[in-house]
Amino acid sequence: MNIKADKMRYQTNSSAYSLILLGLALSVAALFAIITPSTIIPDFSTAIEILINIVLMLVTFLAAERCKFYERKWAIIVNVIAAVHILRIFYAPTRLLAKGQITFFHFVFIAVLLIASALFLIAGGMITIKKSQVLHNHLKEMGE
């Protein structure tokens, strides 16, 4: 019997959970870096960015909670959210840079936050996928 896999039945996936929450925090930091500079002139695109981020935050938190219990489909959703964060670089920050509302340094700072957020989400998702497979195989072996 694989004791480590058996322990997974009773212990949560705290490493993936922590990584996903860290990715969420970096995403929020990126949002504030996008909307708070005094040079930003709020428009409809800013409102859309805020709404998208609110939805992403809610889904990311729900996914983190589900990944804590080794749910593979939510790990895949976390990876999709990571891809959305990468794509967000090409929406608001790029638009603000083109309008001259942020500097190139500020753009790079936002891009780094979003990329780091995506990397932490991907790491959390991949850990969950791997551990869920180990747990699934163990339960199958035990006949549960």
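Brief remarks follow.
- With respect to the stated conditions, residue 108 fails to be within 16 Å of the chain's Cα centre (by Cα), assigned to a helix (DSSP H, G or I) and either at pLDDT 95 or above or β-branched (Val, Ile, Thr) (or both).
- Some residue of region 74-89 being exposed (fewer than 15 other Cβ atoms within 10 Å of the Cβ) and over 14 Å from the mean Cα position of the chain (by Cα): no
- Cβ pairs under 8 Å, 6+ apart, first in region 117-134 and in contact (Cβ under 8 Å) with a residue 12 or more places away in the chain, second of a type in the set (D, E, K, R) and part of a helix (DSSP H, G or I): 128/72; 129/72; 132/72; 133/72
- Candidate set: region 8-25, residues that are assigned to a loop (DSSP other than H, G, I, E, B) and not aliphatic (A, V, I, L, M); chosen: the one nearest to residue 67 (Cα to Cα): 13
- Lone unmet requirement of (1) in a helix (DSSP H, G or I); (2) within 27 Å of residue 104 (Cβ to Cβ) for residue 39: (1)
- No other residue among 109, 104 is without any contact (Cβ under 8 Å) to a residue 24 or more places away in the chain and surrounded by fewer than 23 Cβ atoms within 10 Å (Cβ to Cβ) apart from 104.
- Inter-residue pairs, beta-carbon under 8 Å, first free of Cβ contacts under 8 Å to residues at least 40 places away in the same chain and surrounded by 13 or more Cβ atoms within 10 Å (Cβ to Cβ) and in region 20-46, second assigned to a helix (DSSP H, G or I) and not hydroxyl-bearing (Ser, Thr, Tyr), 6+ apart: 28/53; 28/57; 31/49; 31/50; 31/53; 35/49; 35/50
- Within region 60-73, if we keep just the residues that are more than 14 Å from residue 14 (Cβ to Cβ) and of a type in the set (A, V, I, L, M), the residue that is surrounded by the fewest Cβ atoms within 10 Å (Cβ to Cβ) turns out to be 62.
- Among the conditions (1) surrounded by 18 or more Cβ atoms within 10 Å (Cβ to Cβ); (2) within 20 Å of residue 52 (Cβ to Cβ), the only one that residue 115 does not satisfy is (1).
- Among the residues of region 58-98, the ones that are more than 24 Å from residue 134 (Cα to Cα) and either free of Cβ contacts under 8 Å to residues at least 12 places away in the same chain or not in a helix (DSSP H, G or I) (or both) come to 7 in all.
Residue by residue, here is whether (1) at pLDDT 90 or above; (2) polar (S, T, N, Q); (3) more than 24 Å from residue 62 (Cα to Cα) holds:
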| position | (1), (2), (3) |
| --- | --- |
| 2 | no, yes, yes |
| 6 | no, no, yes |
| 11 | no, yes, no |
| 20 | yes, no, no |
| 23 | yes, no, no |
| 27 | yes, yes, no |
| 31 | yes, no, no |
| 42 | yes, no, yes |
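The values are calculated or read from the model by the stated rules, or taken from the named source; none is laboratory data. Remember, predicted model here, so these are calculated numbers, not experimental data. With ideal geometry, Cβ positions are generated from the backbone for all residues, glycine too; neighbour counts draw on all protein chains shown.
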